[in-house]
Amino acid sequence: MNDPFQSAALREYQKSATQLASGKDATAALKKSYERYDNLIAKTIDASPIKPACKAGCAFCCHYKVEVRAHEMLLIKDYMSKTFSAEKIASILAEAEANAVIIRTLTPEQHLTTNLKCALLQDNQCSIYPVRPFRCRNFHSTDANACEQSHGDPSNMEIATGMIEDVAMFADAHTQGFEAAAEQTGRDARVYDFTTALLEAFNDANALKRYKSGKKTFTQAIEVLE
């Protein structure tokens with residue numbers, strides 16, 4: 001197979017499908033997939049003459065609309081529960097609730113062009129960086145000034161923030177490989193709004209049980225219909 005996209009997607013599909021089939025803990029397989037992803041993207045960036053403009057403290061993209069799969073959110077909940085204090089979690093959820101009130105009044109198109117600071121952005125840093133979802137991992141830019149301009153004018157979809165073609169291609173291929181494996185092994189393949197899924201993950205103790213049963217994990221969160 002000579003197509004690099006298809007090769008990368010198939011390679012990740014095969015590895016993830018084997019790991020997902022061997023046990024019921026999808027979050028463990030997801031963490032392994034994230035490790036492979038990080039290695040793949042690091043090698044791709046090293047080989048590219050163009051480099052991302054992204055750096056710590058640059059968080060314009062952390063105000064964008066984000067979508068998430070159930071296993072990604074369950075891993076985030078697990079990470080927060082083990083890493084954050086009860087007070088910090090309560091503060092994050094309060095901010096997420098305020099965001100959710102706004103999000104539920106928006107159409108998908110309006111949400112796409114509305115800046116809302118992610119509740120997990122703390123001191124201009126992602127507080128869950130090791131377990132951030134694929135959608136966040138995949139985003140990168142070659143023009144920080146364009147990112148700032150886009151942040152200041154979110155309704156202007158003509159602003160191009162730039163990307164590295166091979167990085168975007170391999171990131172998408174790897175993501176699709178894992179998601180295909182998750183769906184093939186009976187996991188919830190639905191796409192959810194990040195903020196409302198975060199709230200339900202913490203507020204509904206039965207979410208994990210539904211996920212393990214192959215049912216719709218989040219019944220109250222906004223489902224993104226693609």
Segment 41-61 scanned against label point 7 Å out from Lys117 along Cα→C-beta; backbone N under 18 Å for 56-61
Can you pull the accessible area of Arg69 for me, 1.4 Å probe, Å² to the nearest 10?
50
So what's the Cα pair-distance distribution over segment 41-84, bin width 10 Å, in %?
20, 26, 44, 10, 0
Roughly to the nearest percent, how much of the accessible area of segment 1-65 is carbon and sulfur, given a 1.4 Å probe?
57
Cβ-Cβ cut-off under 11 Å around Leu112, Lys and Arg +1, Asp and Glu -1: the net charge is -1
Give me the accessible area per residue for the chain, probe 1.4 Å, as a whole number in Å².
53
Starting from the Cα gyration tensor of segment 87-164, take the square roots of the eigenvalues, sort them a ≥ b ≥ c, and report rounded, prolate or oblate (rounded when a/c is under 1.5, otherwise prolate if a/b is larger than b/c, else oblate).
oblate
Starting from the Cα-Cα distance between Arg36 and Glu97, subtract it from 0.36 nm times their residue separation and give me the gain in nm to one decimal.
18.6 nm
For the chain, with a Gaussian network of springs between Cα atoms less than 10 Å apart, report the residue from Asn99, Asn115, Asn39 with the top mean-square fluctuation.
Asn39
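Based on Cβ point charges of +1 for Lys and Arg and -1 for Asp and Glu, what charge dipole magnitude is obtained for the chain about its Cα centre, in debye rounded to the nearest 20?
For this selection, approximately 940 debye.
Classify the chain as rounded, prolate or oblate from the Cα gyration tensor: take a ≥ b ≥ c as the square roots of its eigenvalues, call it rounded if a/c is under 1.5, otherwise prolate when a/b beats b/c and oblate if not.
Working: a/c = 1.60, a/b = 1.01, b/c = 1.58.
Verdict is oblate for the chain.
Which net charge results for the neighbourhood of Asn203, defined as the other residues with beta-carbon distances under 12 angstrom from its beta-carbon, given Lys and Arg at +1 and Asp and Glu at -1?
Values: positive: Lys77; negative: Glu97, Glu200, Asp204.
So the environment of Asn203 carries a net charge of -2.
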Accessible surface of segment 148-205, 1.4 Å probe, proportion on carbon and sulfur as whole %:
43
In whole Hz, what ³J(HN,Hα) sequence does segment 102-111 give by Karplus (6.51, -1.76, 1.60; θ = phi - 60°), x for Gly and Pro?
6, 4, 5, 8, 9, 6, x, 5, 5, 4
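Compute the Cα gyration tensor for segment 141-219, then decide on rounded, prolate or oblate, letting a ≥ b ≥ c be the square roots of its eigenvalues: rounded whenever a/c is under 1.5, prolate when a/b is larger than b/c in the other cases, and oblate in all that remain.
Numbers: a/c = 3.99, a/b = 1.70, b/c = 2.35.
It comes out oblate by the Cα gyration axes.
Before anything else, pin down the relative contact order of the chain: Cα pairs under 8 Å, at least 6 apart, normalised by residue count, whole percent.
34
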Counting Lys +1, Arg +1, Asp -1, Glu -1, what net charge surrounds Cys61 among other residues with beta carbon under 14 Å of its beta carbon?
+3
Given charges of +1 on the Cβ of Lys and Arg and -1 on the Cβ of Asp and Glu, with all other atoms neutral, how large is the dipole of segment 64-180 about its Cα centre, in debye to the nearest 20?
500
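The values are calculated or read from the model by the stated rules, or taken from the named source; none is laboratory data. What you see is a predicted model; the values in this text were computed from it and never measured. Because the Cβ atoms are built from the backbone with ideal geometry, glycine has one as well, and the counts that use them run over all protein chains shown. Surface areas here come from the heavy atoms of the whole protein model, side chains and all, with no ligands, DNA or RNA. Shrake-Rupley method; radii C 1.70, N 1.55, O 1.52, S 1.80 Å.
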